[in-house]
Amino acid sequence: MVSQLRPAFMMLLVLTVITGVVYPLVVTGIAQVAFPHRANGSLIVIDGKTFGSELIGQQFDEPKYFWGRLSATGAFPYNAFNAETLTGSSGSNYGPLNQALMDAVQARVDALKAADPGNAAPIPVDLVTASGSGLDPHISIAAALYQVHRVAQARGLSDEAVKTLVNQYTKGRQFGFLGEPVVNVLELNLALDGLK
């Protein structure tokens, strides 16, 4: 019995060291050397101040900013730099007939109309629904263009100047054929503030 337990225990110990210590250290080291920006969370740092990650949606609700998608993470929107909220990625799991989902969508529709009462254009769906993770940092071009007049008016800029900025921060399809063109909300808002 002891002759069988000793090799099993040694194998457990060796594989634990290899897969639990050596492998993570090697992969982390390669990531830090090959692509350190991505390995460290794709953080946007300007003049030593961290504004967020280009991969995680942030909440903006002032009229002078472009608004991103709704967060499905709970009562608090996700903010990686606010440890007190302790939120994370999660989907809402609401079906299309769930009253809580309909209430959230209606509240967002009302907020968009209140912020820009003269805008009679149809509201793009990604401005009133959450993504699968609840943390999508991107909006569609239609969602960005829907908000151009409100943002321009709040900042005292022309619609064309803001549209030019939207076009500048539009990212094309991945690999040229996957998905749709999108706009990163945080990067666009930082550009509007003249920070990037």
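Between PRO63, PRO137, PRO96, the Gaussian network model of the chain with springs among Cα atoms under 10 angstrom shows the greatest mean-square fluctuation at PRO96. By accessible area, using a 1.4 Å probe on protein heavy atoms only, the chain has 63% of its surface on carbon and sulfur. Close amide H contacts of ILE44 (hydrogens built in the peptide plane, cut-off under 5 Å, sequence separation of 5 or more or a different chain): PHE51, GLY52, SER53, GLU54. The convex hull around the C-alpha trace of the chain, projected and averaged over every direction, spans 17.4 square nanometres. Is the shape of region 113-196 best called rounded, prolate or oblate, per the rule: a/c under 1.5 gives rounded, else a/b larger than b/c gives prolate, else oblate, with a ≥ b ≥ c the square roots of the Cα gyration tensor eigenvalues? Taking the square roots of the gyration eigenvalues as a ≥ b ≥ c, region 113-196 is oblate.
How long is the gain from ALA120 to ASN40 if the chain were fully straight, where each residue apart is worth 0.36 nm and the alpha carbon distance is subtracted?
Taking ALA120 through ASN40 to full extension adds about 24.6 nm, to one decimal.
Average accessible surface for the chain: 62 Å² per residue, computed with a 1.4 Å probe over protein heavy atoms with every protein chain in place.
The values are calculated or read from the model by the stated rules, or taken from the named source; none is laboratory data. Since we're looking at a predicted model, the values are computed, not measured. All accessible areas refer to the heavy atoms of the entire protein, side chains included, with ligands and DNA or RNA removed. Shrake-Rupley method; radii C 1.70, N 1.55, O 1.52, S 1.80 Å.
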